[in-house]
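Below: one structure, written as structure tokens.
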2 protein chains.
Amino acid sequence: MRLMHLGDLHFGKMVNGFLMIEDQEFVLEQIKQYIQTYRPDAVMLAGDIYDRSVPPARAVALYNQFLKDLLIELKTPVLAIAGNHDGAELIDFGHELFEAAQYYVAGNFTKTIKKVRLQDDAGPVNFYLLPFADYAVVREALNHPEIKSLNDAMKAIMEVNPIDSTERNVLITHAFVVGGEAPEQSESEKKLVVGGKESVDATLLEHFDYVALGHLHRTQRVNSDKIRYSGSLLKYSFSEEHYHKSMTMIDLDAEGEISIELLPLKPRRDMRTITGKLDELLTLEDEGQEDYLRVILTDEGELLEPMAKLRQVYPNVMLLELERRFSEFKGSQLSASARQTKSTEELFADFYEHHRGESLHEAGKQVIEQTIKVMKGEC
Amino acid sequence: MRLMHLGDLHFGKMVNGFLMIEDQEFVLEQIKQYIQTYRPDAVMLAGDIYDRSVPPARAVALYNQFLKDLLIELKTPVLAIAGNHDGAELIDFGHELFEAAQYYVAGNFTKTIKKVRLQDDAGPVNFYLLPFADYAVVREALNHPEIKSLNDAMKAIMEVNPIDSTERNVLITHAFVVGGEAPEQSESEKKLVVGGKESVDATLLEHFDYVALGHLHRTQRVNSDKIRYSGSLLKYSFSEEHYHKSMTMIDLDAEGEISIELLPLKPRRDMRTITGKLDELLTLEDEGQEDYLRVILTDEGELLEPMAKLRQVYPNVMLLELERRFSEFKGSQLSASARQTKSTEELFADFYEHHRGESLHEAGKQVIEQTIKVMKGEC
């Protein structure tokens, strides 16, 4: 059986003020092409379908179109779950009715995990659709007061939902699963507690032939190739700048052995950082001028409307930073003795000079002196 | 063919601060009973399924359950459209996929109206699913600049979507359709312009064998029994206090002749007005103490925390009004000469006495005199 694994689609996401709908459409087109070429038996969506529990209308329309393309045009069953970003009720809407169209979806956590059986020549494959759930939700649903972490919750879920190991079994879930090493996280993943109460030990999931995970945005395996994050559809923050996005293709043989291929996804616009002096960047021969950029300027002096100038050349600048200024000036760079021997006024003058590239003028000194006096209660 | 017609469900609606979900569940239970008893061939939902374009999760869950009950448990096809309160994209979600489960739905207006063919022993019946659309939207979709009113829009839609009058045809739509007499409107219907640009002349729809309308909350026919509003599921404002809510059952014979029966819907709590003195109402033997009430108090003097006292007996008081006070005191009740001869101070003293049931005391008079001077710019 051939499977495709995607997750963290985040339809309708805004990144630094830019709506990603067209970027998402661009990548979905490639996914459709891959499906047409490789003809999987099913596509798995491992949560965070939408970016928000109440997604904008365009995001709903986008997902609608994607499902229609997969199910009607490409005749490929879809298995999906809700992630922590999704509204469980919205994802659940129509789930019994959709089964007739081979769209299998689980939004809310339920004691009995939704199980879908697909067949290939070698027999059945059981898919377990386990949506994101807080361990407190699991504790209540299972009436199991001993559950005090997500790991406890997963153990209890597995006890209530035993699998038949004589058949092939696949789990689709959305959680922070940790193996030997803590996985990398990016800023656009909702705050995750590394280790601790909010993570699941990968060894708990090793009896599955494949585990399709969502939650982390970097494509990665956890302990083995059998437990994987597909990663997000797109780079959703500059902390993901150096990740390569892909769709995971899994070939599951008759014995439950798998082989993996990562099918690269090319973004409509890359997300990357460029660094340099303003004038240099404005005249640079950059082939990705439409990319989503973080621009770090290394100029020393005053700059007049740098963002407006940059956007004439790079229309999709998302972030603008000044390298030398605040970023490099850290109190810790001063020796302890300097910090003790210099007055507050002198320390501020140092900071001003570093930041503006010129000494603090007399009028400024007076303002600072006066301000510091007021702060100290001296006048 | 036997059909059921509902509209203006407004799942998730808040009425005067009370969430109507449980009341809606209560009525849906009766609807299910009727369907079990009368076994219709289809249920038509004529728009305003939700109360808001972004409905709360509980409303989505309620509609999900209702659809599941109708389609899976009762095996009854559902034909639904979006109303002006609905988010068209949300209503449209999955519409192609749902057809396999016999849920036919149209959210967004499209040039070609969605047509669903159902069969009975006498042959096919064509259902046209025409969601709510502003005439400007129709003008653009049809590229027809001559459209300057909803009536123009409906004419153009009918031209683009001709019906075969040798077969039976049913229209489901959500609009303000007017016949010989202007229909009654209630406060909970979104502001409608009577006549004018926002209404459709019923004669335009007379070639259908039945027109299932949504938009107006009172059960009513427009010109003939063939064009009907089912009315809303519940009373959604006190202006609907004296309406009787029902589901409309239509029997359509082989020749396209119809007979109508209204199946009454009993609310979980009635919505009604009670009038009297506070003490009388608190000791009244009222069998509907749980009802949603507007209480009009006829007391003359001061009342201490009347709402708190009333809610001890009538927990679901929605509105509290004082009959004599502001409501009865109208400047027009004074003769024109009185209004001209009395000073502003004297007129206020009259008003105060009427409102409080006692004369304005000396300190109050001084405050008023001072205030009036300030307002006149005299000090």
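Just so you know, all these numbers are worked out from the coordinates, no wet-lab data involved. Treat the numbers as computed from the prediction; the structure is a model and nothing was measured. For neighbour counting, all protein chains shown are included, and Cβ atoms are generated from backbone atoms with ideal geometry for every residue, glycine included.
Key figures
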{"item": "Cross-link partners of B:LYS114 among aspartates and glutamates (Cα-Cα below 17 Å; sequence separation of 8 or more within a chain)", "result": "B:GLU89, B:ASP92, B:GLU96, B:GLU99, B:GLU159, B:ASP164, B:GLU167"}
{"item": "Fraction of beta bridges assigned by DSSP in the protein assembly as shown that are antiparallel (%, nearest 5)", "result": "35 percent"}
{"item": "Cα-projected label distance for A:ALA100 with B:ASN16, points at 7 Å along beta-carbon direction, nm", "result": "4.2 nm"}
{"item": "Computed lengthening from B:SER149 to B:GLN340, 0.36 nm per intervening residue step minus Cα-Cα distance", "result": "64.0 nm"}
{"item": "Net charge over other residues, Cβ less than 14 angstrom from the Cβ of A:MET375 (K, R count +1; D, E count -1)", "result": "-1"}
{"item": "Isotropically averaged projected area of region A:1-126, using the convex hull of Cα atoms (one quarter of hull area), nm²", "result": "8.0 nm²"}
{"item": "Overall dimensions of region A:76-166 as given by Cα atoms, namely Rg and Dmax in Å", "result": "14.2, 43"}
{"item": "Alpha-carbon Rg/Rh ratio, for chain B, with Rh computed the Kirkwood way", "result": "1.10"}
{"item": "Helix-only [θ]222 nm of chain B, DSSP H runs n ≥ 4, -39500 (n - 2.57) each, per residue, nearest 500", "result": "-8500 deg cm²/dmol"}
{"item": "Convex hull of Cα atoms in region A:217-261, direction-averaged projection (nm²)", "result": "3.3 nm²"}
{"item": "Axial C-alpha extent at least 20 Å, average Kyte-Doolittle at least -0.5 - helices from chain B (DSSP)", "result": "B:362-376"}
{"item": "Contact order normalised by residue count of region B:65-125, Cα under 8 Å, 6+ apart, percent", "result": "28 percent"}
{"item": "Anchor B:LYS32: aspartates and glutamates whose Cα lies under 14 Å away (excluding residues fewer than 8 positions away in-chain)", "result": "B:ASP41, B:ASP69, B:GLU73"}
{"item": "For chain B, built as a Gaussian network whose Cα springs stay under 10 Å, the top-fluctuating residue of B:SER237, B:SER246, B:SER165", "result": "B:SER165"}
{"item": "GNM top mover of A:ILE91, A:ILE163, A:ILE81 - chain A, alpha-carbon springs below 10 Å", "result": "A:ILE163"}
{"item": "Proxy reagent accessibility, fewest Cβ within 10 Å first, across B:LYS266, B:LYS309", "result": "B:LYS266, B:LYS309"}
{"item": "Region B:2-61 - percent relative contact order, Cα under 8 Å, separation 6 or more", "result": "58 percent"}
{"item": "Whole-angstrom Cα spans of region B:264-303 along principal axes, big to small", "result": "42, 16, 12"}
{"item": "Label spacing, shortest first and in nm, from B:MET375 to its equivalents in the remaining copies (7 angstrom along Cα→Cβ)", "result": "5.2"}
{"item": "Residue of chain B nearest the B-to-A rotation axis [by Cβ], rounded angstrom distance", "result": "B:ALA100, 2"}
{"item": "Choice from B:HIS144, B:HIS85, B:HIS244 showing the highest fluctuation, given a GNM over chain B with Cα pairs closer than 10 Å", "result": "B:HIS144"}
{"item": "Whole-number percent relative contact order across region B:1-113, with pairs defined as alpha carbons under 8 Å at least 6 apart", "result": "28 percent"}
{"item": "Spin-label model distance (nm) - A:ASP253 vs B:LEU303, 7 Å beyond Cα toward Cβ", "result": "8.3 nm"}
{"item": "For A:THR344, A:THR173, order by how many other beta-carbon atoms lie within 10 Å, fewest first", "result": "A:THR344, A:THR173"}
{"item": "Pairs of alpha carbons in region A:208-331 whose separation is greater than 18 Å (percent)", "result": "62 percent"}
{"item": "Rg/Rg_globular for region B:259-327, with Rg_globular taken as 2.2 N^0.38 Å and Rg from C-alpha atoms", "result": "1.34"}
{"item": "Dimensionless Rg over Rh [the protein assembly as shown; C-alpha; Kirkwood]", "result": "1.07"}
